[in-house]
Amino acid sequence: MNRSSLEARRRRGTSRAPMLDTLESRVALSTTAFIDSGVLHIQGDRASNTLVLTVDGAAETATLTSDGKDVNVRGLDDDALNFSAIEVDGGQGNDTII
């Protein structure tokens, strides 16, 4: 908007008040996980979470969920279990770790 049209609006009393738009809520997963040198590292946050690690040795698959939502495990092979140890730090919350 150029200066002359802004001045014209002010004279007519039709200036616009600034407005804010509300954004939709965002969900940030509370758990991160990665594999390094054969160790699966799972890191929680400050909240109370339920972490569930399911390992199917016969199918050589593993899944990790936090509060029922899948957690991407960086470095996990889709067709083989490529970790032999697990290190879990639930964070500061009152977590349930299964």
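The values are calculated or read from the model by the stated rules, or taken from the named source; none is laboratory data. Note that this is a predicted model, so its numbers are computed, not measured. Positions of Cβ are backbone-derived with ideal geometry, glycine not excepted, and every protein chain shown enters the neighbour counts.
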Next item on the list: Find the residue count for the range 72-98, including only residues that are free of Cβ contacts under 8 Å to residues at least 12 places away in the same chain and in contact with a Leu (Cβ under 6 Å, 6 or more places away or on another chain).
Entry: 0
Checklist line | Selection from the range 49-71 of residues that are part of a loop (DSSP other than H, G, I, E, B) and either in contact with a strand residue (DSSP E or B) (Cβ under 8 Å, 6 or more places away or on another chain) or modelled with pLDDT of 95 or more (or both) | finding: Asn49, Asp67, Gly68, Val71
Checklist line | Any hit, the range 31-47, residues being within 22 Å of Ile98 (Cβ to Cβ), buried (at least 16 other Cβ atoms within 10 Å of the Cβ), more than 17 Å from the chain's Cα centre (by Cα) and at pLDDT 90 or above | finding: yes
